[in-house]
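S.K.: Sending over a structure as structure tokens; questions will come in a sec.
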Amino acid sequence: METVYLEFKKQLATVDSSTALENLKSQYLGRNGVLKKLKSNTDLKTSTTEEKRAFGLMFNELKSQIQLMVEEKQVILEQKPSSNPIDLTLPGIKKAPGRLHPISQVQDDLENICLSMGFKVLGGAEMETDYNNFASLNTPDDHPARDMQDTFWLNNGKLLRTQTSANQVQTLRRYGAPLRAVFPGKCFRYETTDATHENTFYQMEGLVVDENISIANLIAVMKEIISAVFKREVTVRLRPGYFPFVEPAFELDIQCLICHGQGCPGCKKAGWLELLPCGLIHPVVLKNGNIDGEKYTGFAFGLGLTRLAMMKFQIPDIRLFNSGDFRFLEQF
Ligand code: DAH
């Protein structure tokens, strides 16, 4: 009986249509089927009543098992698509291609703009020395400016760079003057996150060094880059700022693109938006970069890429960028 059951099961597995199932069913349960023969071929004449009963029970069990399996298979076959599975009139399945992260989009944009203006686009390490991140930038050990940036210190005595400015002196030393370079990248600060603060964010640092570089050059270049990013003419203004590696230091604001300086919720009624800090490179930094400060001057700027992406795409919470949330990312 067991061989019958196993053989049936084996054959059932190969069945792939209702007709084949029907055939198998009659092959086993039909009038001249395997089960009938099993019954008639079993000689029970000399068996005891006990043995006859046991056979009867097993036989009935086998039969109902087979019936049940046939019914189950029937259900499965009915759920299968028709034998012609390709319906050319159905709309296609849309593939979801990957896309660039909004910060990468802004970064790509900026890199292309700067390349077209004759800048080199450079990289830089994320793990840095104290010298590159602070000391070389006119920020000695006991300088209060260190408190402006909370730092992730590493066990090896190095740190996660808090600013792309960490590449300034290295770039000056490597390429010398005259120089036009930008270096975008990831920065880190040890701070509590909220809608406008993240511990991991992106900046793009820029350096221009040449003879007779003045604040007028700084303003012109910044205006050009920012107008290209926003794809329209922007109005800028400078306010005094403070950063140890530039002198004078400025905060560059752009006139609000929504209200054109009238004041609206987008600019918190100020009419202006703070966009990027910048200034003329401090003589100490030029010296650390082996640049002849008598002959050359320059300016530096530190554009917050994350902040720029927030403005460009009107994103209200900085934490969305690193969230990896598809509902957010799919919008770009
Ligand atoms: N590194 C500064 C920061 O992260 C930003 C900055 C300010 C960069 C002035 C500059 C600059 O190049 O000139 O806060």
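The values are calculated or read from the model by the stated rules, or taken from the named source; none is laboratory data. Note that the structure is a prediction, hence the values are computed from the model and not measured. Quick reminder, even Gly has a Cβ in these numbers, built from the backbone with ideal geometry, and neighbours come from all protein chains shown. These area figures cover heavy atoms from the full protein model, side chains too; ligands, DNA and RNA do not enter into them. Shrake-Rupley method; radii C 1.70, N 1.55, O 1.52, S 1.80 Å.
S.K.: From the residues in segment 97-129 that are small (Gly, Ala, Ser) and without any contact (Cβ under 8 Å) to a residue 24 or more places away in the chain, which one is least open to solvent (accessible area, probe 1.4 Å)?
M.R.: Looking at the filtered set, the residue picked out is 104.
S.K.: Being in the same structural domain as residue 241 (by TED's automatic domain parsing), touching a residue at least 60 places away in the same chain (Cβ under 8 Å) and of a type in the set (D, E, K, R) is the requirement here; does residue 158 meet it?
M.R.: So residue 158 does not fit the description; no.
S.K.: Looking at residue 287 and the list (1) over 17 Å from residue 214 (Cα atoms); (2) away from the ligand (no atom under 15 Å from the Cβ); (3) open to solvent by less than 60 Å² (accessible area, probe 1.4 Å), which single condition is not satisfied?
M.R.: (3)
S.K.: Moving on to the next point. Please specify each residue of segment 130-154 satisfying the condition of being away from the ligand (no atom under 14 Å from the Cβ) and open to solvent by 50 Å² or more (accessible area, probe 1.4 Å).
M.R.: Those that are away from the ligand (no atom under 14 Å from the Cβ) and open to solvent by 50 Å² or more (accessible area, probe 1.4 Å): 131, 140, 141, 142, 144, 152, 153, 154.
S.K.: All but one of (1) under 28 Å from residue 174 (Cα atoms); (2) open to solvent by 50 Å² or more (accessible area, probe 1.4 Å) hold for residue 71, so report the exception by its number.
M.R.: Here residue 71 meets the rest and fails (1).
S.K.: Then there's this: Could you say which residue among 144, 85 is at pLDDT below 95 and farther than 29 Å from residue 173 by Cβ?
M.R.: 85
S.K.: Also, quick follow-up: Return yes or no: is residue 243 within 14 Å of the ligand (Cβ to nearest atom) and farther than 21 Å from residue 231 by Cα?
M.R.: yes
S.K.: I've got another one for you. One residue is enough: does segment 164-187 have a residue meeting the conditions within 14 Å of the ligand (Cβ to nearest atom), assigned by TED's automatic domain parsing to the domain that holds residue 109, part of a loop (DSSP other than H, G, I, E, B) and open to solvent by less than 60 Å² (accessible area, probe 1.4 Å)?
M.R.: No, because not a single residue in segment 164-187 is within 14 Å of the ligand (Cβ to nearest atom), assigned by TED's automatic domain parsing to the domain that holds residue 109, part of a loop (DSSP other than H, G, I, E, B) and open to solvent by less than 60 Å² (accessible area, probe 1.4 Å).
S.K.: At pLDDT 90 or above and either within 16 Å of the ligand (Cβ to nearest atom) or open to solvent by 30 Å² or more (accessible area, probe 1.4 Å) (or both): is that true of residue 268 in this structure?
M.R.: No; evaluated as a whole, the condition is false for this residue.
S.K.: Sticking with this structure for a sec: Which of the numbered conditions does residue 153 fail, given that it passes all the others? Conditions: (1) out of contact with any strand residue (DSSP E or B) (no Cβ under 7 Å at 6 or more places or on another chain); (2) over 19 Å from residue 302 (Cβ atoms); (3) of a type in the set (Phe, Trp, Tyr).
M.R.: With respect to (1) out of contact with any strand residue (DSSP E or B) (no Cβ under 7 Å at 6 or more places or on another chain); (2) over 19 Å from residue 302 (Cβ atoms); (3) of a type in the set (Phe, Trp, Tyr), residue 153 is out only on (1).
S.K.: So, one more: Looking at 275, 257, 218, 252 in this structure, which one is open to solvent by 20 Å² or more (accessible area, probe 1.4 Å), closer than 21 Å to residue 308 by Cα and either modelled with pLDDT under 95 or within 12 Å of the ligand (Cβ to nearest atom) (or both)?
M.R.: Exactly one of 275, 257, 218, 252 is open to solvent by 20 Å² or more (accessible area, probe 1.4 Å), closer than 21 Å to residue 308 by Cα and either modelled with pLDDT under 95 or within 12 Å of the ligand (Cβ to nearest atom) (or both), namely 257.
S.K.: Out of (1) within 10 Å of the ligand (Cβ to nearest atom); (2) small (Gly, Ala, Ser); (3) open to solvent by 40 Å² or more (accessible area, probe 1.4 Å), what's the single condition that is false for residue 206?
M.R.: Every listed condition holds for residue 206 apart from (3).
S.K.: Then there is this: Kindly establish whether residue 330 is closer than 28 Å to residue 188 by Cβ, open to solvent by 60 Å² or more (accessible area, probe 1.4 Å), more than 16 Å from the ligand (Cβ to nearest atom) and among the acidic types (Asp, Glu).
M.R.: Answer is yes for this residue.
S.K.: Could you tell me whether any residue of segment 44-60 is in a loop (DSSP other than H, G, I, E, B), β-branched (Val, Ile, Thr) and open to solvent by 50 Å² or more (accessible area, probe 1.4 Å)?
M.R.: Checked against the condition, which is being in a loop (DSSP other than H, G, I, E, B), β-branched (Val, Ile, Thr) and open to solvent by 50 Å² or more (accessible area, probe 1.4 Å), segment 44-60 yields at least one hit.
S.K.: Since residue 212 meets every condition but one in (1) out of contact with any Ser or Thr (no Cβ under 8 Å at 6 or more places or on another chain); (2) polar (S, T, N, Q); (3) more than 15 Å from the ligand (Cβ to nearest atom), which condition does it not meet?
M.R.: Going through the list (1) out of contact with any Ser or Thr (no Cβ under 8 Å at 6 or more places or on another chain); (2) polar (S, T, N, Q); (3) more than 15 Å from the ligand (Cβ to nearest atom), residue 212 breaks only (1).
S.K.: For residue 92, only one of the following conditions fails: (1) more than 14 Å from the ligand (Cβ to nearest atom); (2) part of a helix (DSSP H, G or I); (3) open to solvent by 20 Å² or more (accessible area, probe 1.4 Å). What is its number?
M.R.: (2)
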